[in-house]
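Novice: I have a structure I would like to understand better, so I am pasting it below and will then ask my questions one at a time.
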Amino acid sequence: MNATTADATTPGQGRIVLLTTSHRVAPGLLSWPAWQALRTADRVLCADGAHPQLPYLREAGIRVDEAAPTAEELVDACAGGRTAVVVATGEGDPALTDGLARLAGSGRVRMPDLELLPASYDLPGARLHDLVQVMDRIRLECPWSSQRTHRGLAKYAIEEAYELVEAIEDGDRDELREELGDVLLQVVFHARIAEDDPDAPFSVDDVAGTIVDKLVHRHPHVFGDEKADTPEEVRAHWLRTKAAEKQRTSVTEGVPLGQPGLALAAKLASRVRTAGLPVPLPTGEGIGYQLLALAARAESEGTDPEAALRAAARTYRDAIRAVEG
């Protein structure tokens with residue numbers, strides 16, 4: 001009997017299950033309700049013959065028909081109380097779902113029960129997989145990106161970091177989200193370039209694994225048996241474990257000299273103060289020594305001299321614009 005002419009009193013309207021899966025989860029890792037629906041279905045259909053789930057479903061003994069039925073055909077397939085499971089394609093099946101909605105809204109068809117069953121879910125951070133895949137394709141196919149090097153990209157990392165700081169200081173949430181993405185891009189881009197190194201390649205997974213190990217090791221109060229009830233105790237743990245890792249012979253090791261002058265001066269003053277070294281500030285003529293003293297004073301008072309100067313500069317910029325009209 002054609003679905004469009006079915007008698008509204010026909011018993012056993014059946015069931016249609018639209019099964020959705022995430023491409024960010026390994027194929028075959030489906031929820032238990034999904035496997036139950038697949039095993040008990042009278043018919044399983046999928047319009048995409050290359051769907052990544054199909055080999056795993058067939059390996060599990062589930063027969064899958066490669067077909068793209070219309071809404072009417074699918075309703076007919078459920079006549080007599082049968083169950084049809086549709087394994088949705090990556091783009092979804094809008095023609096099918098729209099057709100089912102039209103049939104249901106017409107009031108002329110006894111519709112099967114309709115169920116949307118997510119078979120796998122994205123975990124937090126799943127979109128990072130998309131970013132890695134997109135970056136991989138860009139690296140392979142884009143004439144500009146395929147030629148980039150770590151050294152050639154270095155300036156962009158600095159620029160993006162400054163734009164992120166500006167978004168934070170401006171309090172612009174939309175801009176903050178975008179700039180965080182731009183900084184993340186730099187990390188993923190450099191990691192993808194590193195994969196091509198003939199002598200010492202590493203991947204974004206190696207980068208992530210390194211920072212995970214570092215964070216776990218430097219937070220023994222979270223992942224181990226140490227105790228830390230105050231931020232000061234946490235900092236002490238961090239400095240102690242970091243010192244053991246680095247085995248540095250000077251507190252100045254690891255301080256990049258290429259950073260802005262005020263930040264460099266404050267960082268050196270912080271290292272000296274934390275280590276308790278009796279190192280007086282050098283004295284001399286000129287604005288440089290005065291700025292050094294101001295940076296060290298700001299650091300000792302808990303003020304970021306770079307941020308303080310930027311705030312003052314923004315005020316100066318606003319005053320200029322006001323005079324300009």
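Novice: Scan region 214-230 and report the pairs whose first residue is of a type in the set (A, V, I, L, M) and whose second residue is in a helix (DSSP H, G or I) and open to solvent by 70 Å² or more (accessible area, probe 1.4 Å), with Cβ atoms within less than 7 Å and a gap of 6+ or a chain change.
Specialist: So the pair list comes out as Val216/Phe223.
Novice: A further question on this structure: Residues to consider are Glu169, Glu163; find the one that is among the charged types (D, E, K, R), surrounded by 12 or more Cβ atoms within 10 Å (Cβ to Cβ), farther than 30 Å from Arg15 by Cα and in contact (Cβ under 8 Å) with a residue 60 or more places away in the chain.
Specialist: After applying the criteria, what remains is Glu169.
Here is a yes/no grid of residues against (1) open to solvent by 70 Å² or more (accessible area, probe 1.4 Å); (2) within 25 Å of the chain's Cα centre (by Cα):
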site	(1), (2)
Leu103	no, no
Val109	no, no
Leu114	yes, no
Asp122	yes, yes
Arg137	yes, yes
Pro143	yes, no
Ser146	no, yes
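Novice: Which residue out of Ala228, Ala243 is over 23 Å from Ala295 (Cα atoms), out of contact with any helix residue (DSSP H, G or I) (no Cβ under 9 Å at 6 or more places or on another chain) and either surrounded by 11 or more Cβ atoms within 10 Å (Cβ to Cβ) or at pLDDT 90 or above (or both)?
Specialist: Ala243
Novice: Next up: If I ask for residues that are polar (S, T, N, Q), farther than 27 Å from Glu159 by Cβ and part of a helix (DSSP H, G or I), which ones from region 240-289 would you list?
Specialist: Thr241, Thr274
Novice: Determine, yes or no, whether Leu57 is under 17 Å from Leu18 (Cα atoms), in contact with a helix residue (DSSP H, G or I) (Cβ under 7 Å, 6 or more places away or on another chain), free of Cβ contacts under 8 Å to residues at least 40 places away in the same chain and aliphatic (A, V, I, L, M).
Specialist: The answer is yes for Leu57.
The values are calculated or read from the model by the stated rules, or taken from the named source; none is laboratory data. Since the model is a prediction, treat every value here as computed from it, not as a measurement. Quick reminder, even Gly has a Cβ in these numbers, built from the backbone with ideal geometry, and neighbours come from all protein chains shown. Surface accessibility is based on the protein's heavy atoms, side chains included, excluding ligands, DNA and RNA. Shrake-Rupley method; radii C 1.70, N 1.55, O 1.52, S 1.80 Å.
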